[in-house]
Amino acid sequence: MTELLLCRRCPAAEPIAPDTVEHAVKAAIRYPDSIHTSKRAWQQRPRGIVWFAAALAAGAAGVYANFRLGNPHAETVQLLAIMAAVFGAYFWLLVPVRLPDFYDENQLGFFWDYILRINVPGVAFNNANWPRIVRALRVWSCLVPALLPLVNLALGWLFPAFRPSQLYLLLFLGSLFGPLYIAGRP
């Protein structure tokens, strides 16, 4: 049970110190209270929400232009823009401003908030890097919906025979996890 609370495997040859067990149990007991006391982004009125709304408008215009001009992969671009908009809505409005203390006390490579789960091996989520991570994801959520339809329009116009089937997915995920790793590193 202690291994589950500590989120790590403990060597069988070494007994776990009673203080460590007590600390883990107290942290687990405090965890539900710290989740519900954290403010959400909408409660602090994020100033950049206008940028997100403008990016959504530009993305909608770009997706419409892709469909109107019959560009290849318009459906893929639309799906990826909608996914970025949904993530953006979460990170502009619903994200907790501060992580529970449990994240500072343990090196956790995941973030969990209701239905959103982010697992990033090599990045320990904590309150020191959390504002940078949120900022990076907010910028990403503005750039992807606005620029991806424009990239598809440009590629369709410049190279009509070019069919980038997996290129957009790689751009989408690379542009998401690259800044996330950079922002999350100490």
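The values are calculated or read from the model by the stated rules, or taken from the named source; none is laboratory data. Remember, predicted model here, so these are calculated numbers, not experimental data. Reconstructed Cβ throughout: ideal geometry from the backbone, glycine too, with neighbour counts over all protein chains shown. Accessible surface is based on the protein model in full, side chains and every heavy atom, while ligands, DNA and RNA are left aside. Shrake-Rupley method; radii C 1.70, N 1.55, O 1.52, S 1.80 Å.
Starting from the Cα of Y181, step 7 Å along the direction of its Cβ; do the same at H23; then give the gap between the two resulting points in nm. In this crude spin-label approximation the distance works out to 3.0 nm.
Length available on full extension from A54 to W157: 0.36 nm per residue minus the Cα-Cα distance, which gives 34.6 nm.
Taking the longest Cα principal axis of the chain as reference, the axis of helix 130-158 is set at about 20 degrees.
I need the trypsin sites (Lys or Arg not before Pro) found in region 89-186, filtered to DSSP loop residues with at most 16 other beta carbons within 10 Å of theirs. In loop regions of region 89-186 (DSSP not H, G, I, E or B), the sparsely surrounded trypsin sites (Lys or Arg not before Pro) are R98.
Mind checking the full-extension length gain between D101 and E75? Use 0.36 nm per residue of separation minus the Cα-Cα distance, one decimal, nm.
Working: separation 26, 0.36 × 26 = 9.36 nm, distance 4.19 nm.
Extra length available between D101 and E75 comes to 5.2 nm.
Modelled this way, with points 7 Å down the Cα-to-C-beta line, the labels at L116 and A89 are 1.2 nm from one another. Measuring only protein heavy atoms, the 1.4 Å probe finds T20 accessible over about 50 Å².
In region 7-145, inverting the average of 1/r over every pair of distinct C-alpha atoms gives 17.6 Å as the Kirkwood radius.
Largest accessible area first, the residues I182, I118, I82 order themselves as I182, I82, I118 under a 1.4 Å probe with ligands, DNA and RNA left out.
Heavy-atom accessible area, probed at 1.4 angstrom with all protein chains present, ranks W140, W51, W112 as W51, W112, W140, highest first.
At a probe radius of 1.4 angstrom, the accessible area of the chain per residue rounds to 62 square angstrom. Close amide H contacts of L108 (hydrogens built in the peptide plane, cut-off under 5 Å, sequence separation of 5 or more or a different chain): F125.
Counting protein heavy atoms only, region 132-186 has 77 percent of its accessible area on carbon and sulfur, 1.4 angstrom probe.
Extension gain for Y64-R47 works out to 3.3 nm (0.36 nm per residue, less the C-alpha to C-alpha distance). For the chain, the longest principal axis of the Cα atoms and the long axis of helix 49-69 meet at an angle of about 40 degrees. Exposure check, 1.4 Å probe, all protein chains in place: Y64 carries approximately 140 Å² of accessible surface. Heavy-atom accessible area, probed at 1.4 angstrom with all protein chains present, ranks D101, D19, D113 as D19, D101, D113, highest first.
Using only the alpha-carbon atoms, how far is helix 74-89 inclined from the longest principal axis of the chain? Give it as 0 to 90 degrees, nearest 10. Taking Cα atoms only, the helix is inclined about 40 degrees.
Of the residues N127, I115, V144, the one whose Cα sits farthest toward the positive end of the charge dipole of the chain, with +1 on the Cβ of Lys and Arg and -1 on the Cβ of Asp and Glu, is V144.
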